Amino acid sequence: MKRLLLFFIFLSLQKLHAQADATKDSLLKVLTLAKEDTNKVLTLITSGQYVEYNNLEEAKNYYVQAYKLSQKLKYTMGILKYYSNYTAVLNIQAKFDSAHLLTKEALKLATQFGNEERIIIAQQNLSATYSYLQDYENALQYLLPSVAYFERINNDARLSLIYDNLGVIYRETKQYEKSLEYHQKALAIARKSQNTYDIANVLSNLGNAYTSLKKYDTALTVMQQSLLIAKKENYENIVSNVTGNIGGLLIKQGRYDSLNFYCTEGLRLAKKLGDSLTIVNNIYGLALAAFFKKDFKKSEEEATSGFAMAQQRNYVEPLQLFADILSKLYLVKGDFKKYDYYNRLSTALSEKYFNEKMQRNVQTLDRKFETEKKEQQLLIQQATINKKNILNYILIGSTVALLIISLLSYRTYTQKRKLQEQKIAELEKEKVLSATQSLLKGQEKERNRLAQDLHDGLGGLLSGVKLQLGAMKGNLILSEEMGKTFNNALYKLDESISEMRRVAHNMMPEALMKLGLQQALQDYCDSLSESQPFALNCEFHGLEKRMEPATEIVVYRIVQELLNNTVKHSGATTILAQVIRNDNSLSITVEDNGKGFNTDVATIDRGMGLKNIQSRVDYLKGQIDIKSAEGKGTSVHIDCLIEDNG
């Protein structure tokens with residue numbers, strides 16, 4: 001009896017091995033509490049894998065639930081896992097056409113998904129269905145790419161399965177030594193990882209390889225090792241598979257006395273698992289065992305039952321075997337009419353099986369020829385396209401080169417023009433700055449001269465007048481009214497002298513020259529805030545080290561102008577003045593809580609005060625930032641770089 005080997009490729013996840021933490025009850029509990037999310041999908045898949053050893057229909061139910069939930073969640077990975085696991089069960093149930101269609105859909109989806117591992121897994125599953133359909137050339141074509149992939153990522157568990165499946169394909173194509181080599185490689189990896197499921201499965205297939213090499217005793221020993229592990233671990237699907245393989249081996253050896261035991265056990269498990277092909281094969285073994293025991297009645301019952309089931313399922317090879325044994329039974333019974341019917345049927349089915357096999361081979365060759373023909377046509381088309389492409393590339397290249405040269409020339413021209421414009425702008429800016437510097441220096445020089453004239457000239461003159469009037473007061477006899485008038489005149493004269501000195505001081509503060517910027521600013525702030533309705537807070541840091549005199553004057557004027565503008569126009573109750581120097585960096589900040597103004601209007605129509613401030617900031621090559629809004633106060637911040645004195 002030739003038994004179709006079940007091609008166990010469960011590639012969505014590694015099979016569970018009855019671990020204590022993965023019992024059916026615990027999985028059911030998890031499913032009961034699980035939310036409708038991707039985790040539940042994975043739990044459903046795991047549940048299906050757990051029960052797959054003993055109940056194929058229950059496993060399928062879990063996989064279908066996972067598929068429906070994955071579709072609802074648009075969870076592509078879950079759909080791919082459904083395909084991998086569900087088609088594995090279909091293959092066990094010998095529903096190869098359905099499995100083949102689903103694996104094609106899986107490969108299409110995996111390719112769209114763009115996940116390399118899922119593509120490889122889909123190709124492996126498609127390889128399995130081609131093996132079941134006895135199209136071993138395509139099976140090999142889809143399986144070989146996975147070898148390189150899993151060797152590259154060092155996934156021994158997957159390599160064990162792949163090597164085992166390669167061994168099956170090479171055995172079915174009668175390359176027995178090569179088949180044995182790959183099964184042994186698979187067994188070495190499975191034993192290294194101590195994966196009992198894979199060890200049992202590979203031993204079963206290794207036994208078939210020894211059977212093909214007619215090493216029957218070795219084959220039986222290896223298969224019994226597989227059966228021992230599978231029974232111990234309760235892998236009922238492998239037990240069913242191995243008992244069938246042992247049955248086939250016993251038939252080849254003509255050992256019909258033990259055949260009944262293995263086929264009975266195999267039939268029980270196959271019925272439990274719903275594996276119709278294995279059921280048919282075990283019934284044939286029972287019919288054959290009964291025939292050689294001369295229990296022709298039982299043999300006829302088994303053969304008739306198996307024939308009906310094989311006919312219903314359209315299993316051509318088992319149907320031919322049942323027809324053959326029925327013809328022999330009816331020959332023994334002397335029922336020549338039925339003998340002739342089943343003998344002719346056996347011959348016809350044998351020819352049909354041979355013709356179908358030849359047809360598959362012819363179809364494979366046709367596909368190969370058509371593929372090579374298409375490839376040749378594609379090569380010719382590609383050569384023509386390449387020739388056209390070369391001409392197009394030359395034309396495009398020439399055009400692109402010309403465009404690049406033109407663009408580079410234009411870019412060079414525009415860059416030169418921009419550089420020239422920048423130089424002109426810089427020269428103009430330098431010219432303006434030079435003029436500004438000259439103007440500011442002239443202003444400060446004139447301020448200094450006027451301050452000295454006021455202080456030394458007019459100040460001295462007024463002081464002299466005051467002394468003379470004071471002397472006259474002691475020598476004059478005035479009425480009370482005239483005395484008051486005279487005293488008032490002296491008071492006004494004192495005020496005039498004080499105002500003149502204040503003006504002279506503002507024009508060129510003596511403290512700035514002698515004591516430096518910090519003291520001059522502090523004196524100015526103190527005098528400005530004296531007896532005023534606003535609070536003026538001044539902070540000066542890092543000004544102990546002197547700067548260039550011209551720079552100190554400009555900074556002083558900026559702060560002076562900003563504070564004057566604030567006092568005159570803001571109506572503020574609190575004013576902050578801050579000057580901070582950090583190495584060569586200088587920042588000036590003046591803020592108030594006054595009425596503010598519209599900065600856009602101020603930018604368009606700057607007053608004399610803002611223009612003076614801007615010109616001095618330009619002199620320092622600094623940046624000014626004015627932030628203000630009506631009713632929200634004003635903040636002026638200036639940053640510039642300065643040089644040390646000397």
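The values are calculated or read from the model by the stated rules, or taken from the named source; none is laboratory data. Quick caveat, the model's predicted, so the values are computed rather than measured. Reconstructed Cβ throughout: ideal geometry from the backbone, glycine too, with neighbour counts over all protein chains shown.
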### Task
Within segment 195-207, identify whether any single residue is surrounded by fewer than 16 Cβ atoms within 10 Å (Cβ to Cβ) and at pLDDT 90 or above, and answer yes or no.
no
### Message
I'd like the residue in segment 536-558 that is aliphatic (A, V, I, L, M) and either free of Cβ contacts under 8 Å to residues at least 40 places away in the same chain or in a helix (DSSP H, G or I) (or both) and, out of all such residues, is farthest from Lys632 (Cα to Cα).
### Response
Ala550
## Note on the structure
From the option list Tyr197, Tyr163, single residue qualifying as under 30 Å from Leu267 (Cβ atoms), hydroxyl-bearing (Ser, Thr, Tyr) and either within 39 Å of the chain's Cα centre (by Cα) or not in a helix (DSSP H, G or I) (or both) is Tyr197
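Residues are listed down the side, and each one gets a yes or a no for (1) closer than 24 Å to Gln49 by Cα; (2) in contact (Cβ under 8 Å) with a residue 60 or more places away in the chain:
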| residue | (1), (2) |
| --- | --- |
| Ile169 | no, no |
| Leu180 | no, no |
| Ala190 | yes, no |
| Leu203 | yes, no |
| Asp217 | no, no |
| Ser226 | yes, no |
| Tyr235 | yes, yes |
### Task
Would you please list the contacts, defined by Cβ atoms under 6 Å and residues six or more apart or on different chains, that run from a residue in segment 298-326 that is assigned to a loop (DSSP other than H, G, I, E, B) to a residue that is surrounded by 23 or more Cβ atoms within 10 Å (Cβ to Cβ)?
Tyr315/Val280
### Message
So for segment 269-288 (the condition being of a type in the set (A, V, I, L, M, F, W, C) and surrounded by fewer than 21 Cβ atoms within 10 Å (Cβ to Cβ)), does at least one residue qualify?
### Response
no
### Flag if Ala94 is in contact (Cβ under 8 Å) with a residue 60 or more places away in the chain, in a helix (DSSP H, G or I), within 30 Å of Asn281 (Cα to Cα) and aliphatic (A, V, I, L, M)
no
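Among the residues of segment 559-601 satisfying the criterion of being small (Gly, Ala, Ser) and either crowded, with 18+ Cβ neighbours inside 10 Å or in contact (Cβ under 8 Å) with a residue 60 or more places away in the chain (or both), which is farthest from Tyr524 (Cα to Cα)?
Per the stated criteria, the residue is Gly596.
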#### Entry: Cβ-Cβ under 6 Å pairs, at least 6 apart or on other chains, segment 244-268 side under 14 Å from Asn282 (Cβ atoms) and without any contact (Cβ under 8 Å) to a residue 60 or more places away in the chain, far side surrounded by fewer than 20 Cβ atoms within 10 Å (Cβ to Cβ) and not hydrophobic (A, V, I, L, M, F, W, C)
Leu250/Ser258
### Task
Please list, ordered by first then second residue, the pairs with beta carbon atoms under 8 Å, 6 or more apart or interchain, first in segment 102-126 and within 18 Å of Phe150 (Cα to Cα), second at pLDDT below 85.
Ile121/Leu11; Ile121/Ser12; Gln124/Ile9; Gln124/Leu11; Asn125/Ile9; Asn125/Leu11
### Summary
Selection from segment 522-542 of residues at pLDDT below 85, in contact with a helix residue (DSSP H, G or I) (Cβ under 8 Å, 6 or more places away or on another chain) and surrounded by 16 or more Cβ atoms within 10 Å (Cβ to Cβ) yields Asp523, Tyr524, Leu528
